Amino acid sequence: MKKILLPLLLCFFINTHAQNVLWKAFDTNGPMGECLFPQNEEGDIVFTEVIKTNLSADTILGLAKEFIYDIKKKYKAECEIELEGVTKLACNVKLPVGKEYFVISNVYAGPVMAFERAQSEVIFDMVIVIREGKYRYTLNNFITKRRRIPGEGKNDGQSNVIHWQRVNSLTKETPKKGKEREEYLQMIEFEKASYQAEYNAVQNVIKGLRNMTELNDDI
């Protein structure tokens, strides 16, 4: 049994290490500019904070559940509960950002169908650890998904990395003159606006986490 287990563990280690190396070596197709999402030396984006309150652990747990319900309704977010324990809540959040209207047309009949969709989506893990009189929230494992763009721009990746990979790709492909140049410059500005909107959306969630134990008397 030991002879079988050792190769399996070794295989798992090599695979995990290889994935980490590939992730760290993700090509941004140019330099990384200013990053809105703070990241550590490992390239990980983490938001975490301990909030003190005069409420019991049971009350905080109940309010945390209400908060998850609220962000699903308020931001149309998908929240997949991964753990609902006595002192900990954990879920994966898919947070839509922005709005755009997509129209499907027929050459002969004109517009056939129109619907609204998000311009981009920020995905992250959210963990709330609860104790008497305090709780700690942690947001990490950030991934941003955006719509397809011309050229070498990727569709998804770590929130800072994917942004600069797309901006750098568009910048390299921008013509030196003409109408097409203006179109590329507009696409670059749109990417920058999307990046800011994604960061703002996450900050709204964090603001809600900080204030979720402030009981509101309005009913």
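Applying the criterion of being of a type outside the set (S, T, N, Q) and under 11 Å from the mean Cα position of the chain (by Cα) to the residues of region 137-152, the residue that is most open to solvent (accessible area, probe 1.4 Å) is 145. As a summary of the residue check, residue 177 satisfies the conditions (1) part of a loop (DSSP other than H, G, I, E, B); (2) touching a helix residue (DSSP H, G or I) at 6+ places or on another chain (Cβ under 9 Å) except for the one numbered (2). For region 1-53, how many residues meet the condition of being at pLDDT 80 or above and either closer than 27 Å to residue 208 by Cβ or not β-branched (Val, Ile, Thr) (or both)? Residues flagged as at pLDDT 80 or above and either closer than 27 Å to residue 208 by Cβ or not β-branched (Val, Ile, Thr) (or both) within region 1-53 amount to 25.
Within region 117-129, residues that are closer than 20 Å to residue 163 by Cα and aliphatic (A, V, I, L, M) reach partners that are at pLDDT below 95 and in a strand (DSSP E or B) with beta carbons closer than 9 Å, at six or more positions or on different chains, in the pairs 118/100. Among the residues of region 97-136, the one identified as crowded, with 16+ Cβ neighbours inside 10 Å, at pLDDT below 95 and out of contact with any Ser or Thr (no Cβ under 8 Å at 6 or more places or on another chain) is 118. Based on what the data block shows, is residue 181 in contact (Cβ under 8 Å) with a residue 40 or more places away in the chain and open to solvent by 10 Å² or more (accessible area, probe 1.4 Å)? For residue 181, the condition - in contact (Cβ under 8 Å) with a residue 40 or more places away in the chain and open to solvent by 10 Å² or more (accessible area, probe 1.4 Å) - is not met. Take residue 78 and decide whether it is closer than 24 Å to residue 37 by Cα, at pLDDT below 95 and either among the small types (Gly, Ala, Ser) or surrounded by fewer than 19 Cβ atoms within 10 Å (Cβ to Cβ) (or both). In short, no. Which one is most open to solvent (accessible area, probe 1.4 Å), of the residues in region 153-171 that are over 24 Å from residue 46 (Cβ atoms) and modelled with pLDDT of 95 or more? Per the criteria, the residue is 171.
Would it be correct to say that residue 148 is modelled with pLDDT of 90 or more, part of a strand (DSSP E or B) and of a type outside the set (A, V, I, L, M)? Taking the combined requirement at face value, the residue does not satisfy it. Check whether at least one residue in region 162-175 is small (Gly, Ala, Ser) and within 22 Å of residue 82 (Cβ to Cβ), and report yes or no. Scanning region 162-175, I find no residue that is small (Gly, Ala, Ser) and within 22 Å of residue 82 (Cβ to Cβ), so the answer is no.
The values are calculated or read from the model by the stated rules, or taken from the named source; none is laboratory data. Everything quoted here is computed from the prediction, not taken from an experiment. Note that we place each Cβ from the backbone using ideal geometry, even for glycine, and neighbour counts take in every protein chain shown. For accessibility, only protein heavy atoms count, side chains too; no ligands or nucleic acids. Shrake-Rupley method; radii C 1.70, N 1.55, O 1.52, S 1.80 Å.
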